[in-house]
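Worksheet: one structure, shown below.
The values are calculated or read from the model by the stated rules, or taken from the named source; none is laboratory data. If you're wondering where the values come from, they're calculated on a predicted model, not measured in any experiment. Neighbour counts run over all protein chains shown; Cβ positions are idealised from the backbone, glycine included.
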């Protein structure tokens, strides 16, 4: 271990920051954020970025001087060298060490006695990551991963919980019982209410949980209706990822990718309720009942759907049942297949020169027909996106042409969009069915019709392997 991570209270401390570079600006901002007084030593007073920063800070926390005499050095508790001149920085580091002052030479760990970590600030919760100054890029990547798993409201949750720490200690005897209380709430309904912005309800829930600890009814679970997006796990929202990782049981569709399912807790039960055309693994009514029954057993139930649960995902039907049965639920939208697949294919759904509207259409209705208002679809400067329409592609093409659409209107098929197996077939509304047969296109596939499809060859930023 090259550096020991420590957290210091700097509110009564003074830091000498040498330099007027952009690096000095960032260090001053960070030190001020921690309540540390900064004496900025700089001969160059023409740095506008630094001047702007100083204007935003409390005048009591920042002082600018042209040089540091011995009295200034004697008042310091730590030193930051950010002059941008290697020789000057080395001399400053040597002097600081001779005075036994902690010193950081920006971008030079070898001359430093401490380094600034990459910080995830959820005050009062603080997480810090460092590569000991050796590989900042890797540090930033790891920080990004942590950012995605620590909700922004984590600090607010800590503040609320902190107010009840003494009451919990007085009311609940035994460290194991207290641990069980906090685990139940910090990973349960209390935390989710905070993360959803319902802080008043969250505090009421925590009070009730404390009052009833040991005798409370643990039969109340919750359902998370989560959109998993079109396939690429990097397209998940932060909230979706958090709920995926804390679910006790998962009911998932066939369109949820293996990479996303790998994010589920290993000890969580997984049930495939996927539906294909004319082959429903579990009927919709049975899925609704499963959600209700598992939630009433006190479980955190994840209903994981490809795309967005409210765009041809029957999410409305499922939460309607939950609402009727008095089951708590949350809905997390996902990137729907239309926007995800189009974006990964270089086909903008709208464009000022080509299309001012977009229409999402299901090619697979509840009665297995393709009885659609075709005349409404035949308009210039409009993009059509058909979901679940591959099996009815011939009918779709024929019907659009029959109702007045030009046979040479551009059309595209996007199969397994956003995944490494993505395939894009481009033709016209007259040729697209034949092309689908020649290329043996399989579901899941969306169909895009409109002049925007002509931009694919120019804007495709993700060529197929």
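Starting from residues that are part of a loop (DSSP other than H, G, I, E, B) and over 37 Å from the mean Cα position of the chain (by Cα), keep the ones in the range 15-58 and report whichever is modelled with the highest pLDDT. In this case the residue turns out to be 42.
When 92, 101 are checked against the criterion of being part of a loop (DSSP other than H, G, I, E, B), under 26 Å from residue 9 (Cβ atoms) and at pLDDT 95 or above, a single residue qualifies: 101. Just to be sure before I move on: is residue 393 assigned to a helix (DSSP H, G or I), at negative phi, without any contact (Cβ under 8 Å) to a residue 60 or more places away in the chain and touching a helix residue (DSSP H, G or I) at 6+ places or on another chain (Cβ under 8 Å) in the structure I sent? Against the criterion (assigned to a helix (DSSP H, G or I), at negative phi, without any contact (Cβ under 8 Å) to a residue 60 or more places away in the chain and touching a helix residue (DSSP H, G or I) at 6+ places or on another chain (Cβ under 8 Å)), residue 393 qualifies.
Conditions (1) assigned to a strand (DSSP E or B); (2) under 30 Å from residue 461 (Cβ atoms); (3) more than 20 Å from the chain's Cα centre (by Cα), marked per residue:
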site: 271; (1), (2), (3): yes, no, yes
site: 286; (1), (2), (3): no, no, yes
site: 293; (1), (2), (3): no, no, yes
site: 313; (1), (2), (3): no, yes, yes
site: 319; (1), (2), (3): no, no, yes
site: 331; (1), (2), (3): yes, no, no
site: 339; (1), (2), (3): no, yes, no
site: 342; (1), (2), (3): no, yes, yes
site: 353; (1), (2), (3): no, yes, yes
